[in-house]
């Protein structure tokens, strides 16, 4: 099945922060196989787009480790 560039971009967007949606969940929600999603993620990474690993957990934000005074 062929997907439009717009649909593909929208789905890839759900893989990006702050969503970081796991491929299995995204596959179920979108009706697209995990293999296809993994291929899209690999293609996006090859183009230099940051996409987290499948087991990444969204972070609340940067944390300070020390204070400067």
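The values are calculated or read from the model by the stated rules, or taken from the named source; none is laboratory data. What you are looking at is a predicted structure, and each value in this text was computed from that prediction instead of being measured. All Cβ positions, glycine included, derive from the backbone under ideal geometry; neighbour counts span all protein chains shown.
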Residues of the stretch 1-18 satisfying the condition of being more than 14 Å from residue 49 (Cβ to Cβ), in contact (Cβ under 8 Å) with a residue 24 or more places away in the chain and surrounded by 11 or more Cβ atoms within 10 Å (Cβ to Cβ): 3
Would you point out the residue of the stretch 19-57, among those that are over 25 Å from residue 1 (Cα atoms) and loosely packed, with under 11 Cβ neighbours inside 10 Å, that is modelled with the highest pLDDT? 48
